[in-house]
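The values are calculated or read from the model by the stated rules, or taken from the named source; none is laboratory data. Every value quoted in this text rests on a predicted model; they were computed, and no experiment measured them. Every residue, glycine among them, receives a Cβ derived from its backbone with ideal geometry; neighbour counts consider all protein chains shown. Heavy atoms of the whole protein, side chains included, go into the accessibility calculation; ligands, DNA and RNA do not. Shrake-Rupley method; radii C 1.70, N 1.55, O 1.52, S 1.80 Å.
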Amino acid sequence: MNTYYEILISAVVLNIALCVTGYTREIKNPYEILNRSFDAVGGLEKLKAEKTTYSEGAISLGGMDGAIKIWTRKPNLSRVELSLGPLNIIQGDNGENAWVLDQNGKLQVITNPDDAEEKRRQLTVLYEDYAYAQPESDVFTVALESIELLEKVDCYVVRITNNINNDSHIYYINTRSFLKQKAVFLEGENSHDSYYGDYRRVNDILIPFWQKDVDHQTGQVKVMELTKYVSDETIPDSIFEPPEEGAKDYEFLNGMDRVENIPFEFIENHLYIPVLINGKERLFILDTGAGISVLNQDFAEELNLDLEGELKGRGAGGTVVASLTKLPSFTVAGIRFKEQTAAVIDMDNLKRRIGVDFAGILGYDFLSRFVTRVDYANELLSFYAPESYKYSGTGQIIDMHFQNSVFNVRATLDGGHTGNWLLDIGAGVSHIDGRYALREGFSEKDGVLLMGHGAGNEYLLKKIRCDNIDFAGFTINNPVISFPYGGTDTNFTSDRIGILGNSLFRNFILCLDYGNERLIVEKGKKFNHIWPEDNSGLQVALNGEEQVEVIYVSPGTPADKSGFIKGDIILAINGLGVDTFGGLLSIRKLLRADPGTKYNFRVERKNQNRELDMKLSKLF
């Protein structure tokens with residue numbers, strides 16, 4: 001085709017396009033864009049005048065289909081009922097307290113939110129009043145960032161920030177229809193994208209009847225399609241109040257209101273307790289950082305349990321894929337539980353890394369039923385019925401702040417880093433959030449690189465020695481702290497400084513009181529004890545053939561200087577076959593021997609045997 005005809009056809013196409021779409025000037029003022037967006041759906045006055053809503057519809061999540069019902073009343077009252085496979089959850093907010101009735105009938109009323117949650121509640125009221133649309137607002141700042149193509153549609157990208165916290169909202173507004181196509185909610189660890197469509201008019205307001213949410217950290221997709229939307233009908237106050245808790249789902253077999261001094265195994269800084277299910281006794285990890293109890297996939301298969309869905313969750317090291325199941329009645333330490341909903345995850349790789357054959361994790365669904373006392377030094381657990389528990393000791397009582405079925409507490413690192421930390425007795429060591437470490441300069445400090453592992457994945461860590469941690473009025477000197485090193489996602493800011501784990505808690509006796517949202521802390525017999533540390537820089541695990549394999553060699557450490565590399569198979573130590581040492585845990589214990597201790601290793605590398613000599617020395 002010659003150039004003349006190309007130009008002619010292009011001109012015709014352009015004219016047709018202009019006739020169809022009309023001409024729209026580019027708007028530079030973000031407040032004008034917001035106001036045009038409000039006008040497109042009915043006007044700001046009508047939006048602000050709408051006081052209550054009720055909606056219901058279908059929801060799809062993780063391969064499961066279910067139903068959802070939502071009630072709202074401005075400025076911040078809500079109730080959501082979700083029925084999805086084995087999950088039946090009700091949560092809401094009565095204006096004073098948020099609450100949740102979980103999948104196993106446990107009610108948690110949040111009377112003591114942390115600072116981050118209090119600020120978000122304050123912002124919710126302001127957003128519901130559209131305060132951000134006012135140019136004179138002393139809280140919000142609105143900026144037009146760009147015009148971007150979203151699903152073949154040009155959109156104004158408008159960012160809303162505030163001076164209360166670090167959260168921001170980003171709205172993608174269609175440049176022609178001015179309907180909101182997408183919103184990005186940057187709200188700490190709950191950051192997500194929302195996409196909107198199928199706008200329908202209800203009481204002169206256009207409502208999106210289709211919404212897709214994508215979680216930033218996991219990529220989990222949730223789709224909601226409304227079938228009903230009702231505006232400004234009277235909703236009784238009782239809808240927003242916490243419902244009655246389900247019947248108690250456990251019983252003490254001794255007929256009392258407690259079981260005391262139950263032994264647990266403290267292995268590699270994890271707490272293990274035997275659980276009996278269908279006549280099969282297995283070790284489970286006790287974990288306050290798990291929002292739901294978990295079964296290893298191979299144990300779920302052994303029990304012939306039916307699995308539903310493929311949900312994405314956050315685990316140490318990244319994203320985990322979990323199914324849901326109905327866990328049969330089980331017994332723990334003289335306590336019998338009724339059937340519960342639990343998650344199922346493939347943790348075989350984690351078992352090989354830890355070196356312990358465990359079958360699952362007891363998380364919130366177990367621990368929230370009791371006041372749990374953990375005596376680390378004596379390796380004893382006690383469980384008390386919360387309604388009759390009375391504390392009469394002299395320990396320090398601090399607030400626990402409930403969030404997403406886990407708790408945050410306050411602590412201070414090195415005198416100047418005070419804030420919220422996740423209380424996680426399922427974590428072997430204490431961690432700093434990778435973003436915080438990068439921002440505050442911890443990543444520049446001298447330390448040792450190592451490979452971390454969790455339910456999520458393996459990930460590179462840096463381990464450093466700090467000066468102290470102040471926790472519950474006590475000071476622990478010279479703690480070793482780790483944090484993710486390299487590849488840290490800096491797109492959002494965590495609400496927490498990090499995670500407090502058993503490398504800290506082993507100094508204490510802890511009493512976890514979920515119902516009263518408090519933690520009681522007493523000095524343990526090994527308070528500020530000097531604990532053995534690895535002096536080798538050699539990380540080993542069991543491979544698929546049950547061989548002791550080197551999985552990481554920390555640069556500059558004795559293991560590195562001795563010539564170890566990843567993939568070496570350890571055959572013998574000081575002339576003794578590895579089988580004689582009684583397993584992986586005993587070998588790790590050898591690596592924590594005093595500096596100056598010498599070992600001769602025989603390893604297999606590429607089908608050849610090699611002799612390597614190593615002399616232990618302090619890594620810090």
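In region 530-552, which residue that is open to solvent by less than 30 Å² (accessible area, probe 1.4 Å) and not hydrophobic (A, V, I, L, M, F, W, C) is nearest to K606 (Cα to Cα)? So, considering only residues that are open to solvent by less than 30 Å² (accessible area, probe 1.4 Å) and not hydrophobic (A, V, I, L, M, F, W, C), the one nearest to K606 (Cα to Cα) is N543.
The residue that is farthest from the chain's Cα centre (by Cα), counting only those in region 50-65 that are loosely packed, with under 15 Cβ neighbours inside 10 Å and either among the acidic types (D, E) or modelled with pLDDT under 95 (or both), is D65. Please work out if D306 is of a type in the set (D, E) and under 17 Å from N278 (Cα atoms). Yes; evaluated as a whole, the condition is true for this residue.
Which of the residues spanning region 86-97 are within 25 Å of V294 (Cβ to Cβ) and either without any contact (Cβ under 8 Å) to a residue 12 or more places away in the chain or in contact with a Ser or Thr (Cβ under 9 Å, 6 or more places away or on another chain) (or both)? Answer for region 86-97, where residues must be within 25 Å of V294 (Cβ to Cβ) and either without any contact (Cβ under 8 Å) to a residue 12 or more places away in the chain or in contact with a Ser or Thr (Cβ under 9 Å, 6 or more places away or on another chain) (or both): P86, L87, N88, I89, Q91. Among the residues of region 135-179, those that are surrounded by 16 or more Cβ atoms within 10 Å (Cβ to Cβ), of a type in the set (A, V, I, L, M, F, W, C) and in contact with a strand residue (DSSP E or B) (Cβ under 7 Å, 6 or more places away or on another chain) comprise F140, V142, L144, C155, V157, V158, I160, I170, I173, L179.
Residues checked against (1) modelled with pLDDT of 95 or more; (2) among the aliphatic types (A, V, I, L, M):
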{"site": "C155", "(1), (2)": "yes, no"}
{"site": "R159", "(1), (2)": "yes, no"}
{"site": "N162", "(1), (2)": "yes, no"}
{"site": "L179", "(1), (2)": "yes, yes"}
{"site": "F185", "(1), (2)": "yes, no"}
{"site": "Y196", "(1), (2)": "yes, no"}
{"site": "L206", "(1), (2)": "yes, yes"}
{"site": "T218", "(1), (2)": "no, no"}
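Taking the criterion of being closer than 22 Å to L82 by Cβ and not in a strand (DSSP E or B), the residues of region 102-126 that qualify are D102, Q103, N104, G105, K106, P113, E117, R120, R121, T124.
Looking across region 553-575 at every residue that is of a type in the set (D, E, K, R) and not in a loop (DSSP other than H, G, I, E, B), the one that is most open to solvent (accessible area, probe 1.4 Å) is identified as K561.
For region 369-381, the condition of being in contact with a Phe, Trp or Tyr (Cβ under 6 Å, 6 or more places away or on another chain), farther than 21 Å from R314 by Cβ, modelled with pLDDT of 95 or more and among the charged types (D, E, K, R) holds for at least one residue. Taking strands (runs of 3 or more DSSP E) as the structural unit, those lying wholly within region 127-184 and holding at least 1 residues that are among the acidic types (D, E) and free of Cβ contacts under 8 Å to residues at least 24 places away in the same chain correspond to 153-162. Just need a number here: residues in region 229-281 that are of a type outside the set (K, R) and assigned to a strand (DSSP E or B). Adding up the residues that qualify gives 23. Search region 577-596 for residues being part of a helix (DSSP H, G or I) and in contact with a Gly (Cβ under 9 Å, 6 or more places away or on another chain), and hand back the single one that is surrounded by the fewest Cβ atoms within 10 Å (Cβ to Cβ). Out of the qualifying residues, it is L585.
Scanning region 354-399 for residues that are under 17 Å from D298 (Cβ atoms) and touching a helix residue (DSSP H, G or I) at 6+ places or on another chain (Cβ under 9 Å), we see that the one that is surrounded by the fewest Cβ atoms within 10 Å (Cβ to Cβ) is D357. Consider L510 carefully, then state whether it is surrounded by 15 or more Cβ atoms within 10 Å (Cβ to Cβ), part of a loop (DSSP other than H, G, I, E, B) and touching a strand residue (DSSP E or B) at 6+ places or on another chain (Cβ under 6 Å). The answer is no for L510.
None of E308, E265 is open to solvent by 20 Å² or more (accessible area, probe 1.4 Å) and over 29 Å from V100 (Cβ atoms) except E265. Here V406 qualifies as within 22 Å of the chain's Cα centre (by Cα), closer than 29 Å to D348 by Cβ, open to solvent by 10 Å² or more (accessible area, probe 1.4 Å) and β-branched (V, I, T). Can we say N478 is farther than 25 Å from F358 by Cβ and surrounded by fewer than 21 Cβ atoms within 10 Å (Cβ to Cβ)? Yes, satisfied.
Of all residues in region 180-195, those satisfying the criterion of being under 15 Å from D154 (Cα atoms) and open to solvent by 30 Å² or more (accessible area, probe 1.4 Å) are K180, Q181, Y195.
You will find that of G279, G289, the residue that is more than 30 Å from L450 (Cα to Cα) and small (G, A, S) is G279 and no other. Candidates are the residues of region 324-353 that are in a loop (DSSP other than H, G, I, E, B) and open to solvent by 10 Å² or more (accessible area, probe 1.4 Å); the one that is nearest to I273 (Cα to Cα) is A333. Scanning region 597-613 for residues that are assigned to a loop (DSSP other than H, G, I, E, B) and within 15 Å of D534 (Cβ to Cβ) yields a single hit, T597. Could you please let me know if L283 is touching a residue at least 24 places away in the same chain (Cβ under 8 Å) and open to solvent by 10 Å² or more (accessible area, probe 1.4 Å)? Yes. Here's a check for you: in region 85-130, which residue that is polar (S, T, N, Q) and open to solvent by less than 30 Å² (accessible area, probe 1.4 Å) is farthest from the chain's Cα centre (by Cα)? Looking at the filtered set, the residue picked out is N104.
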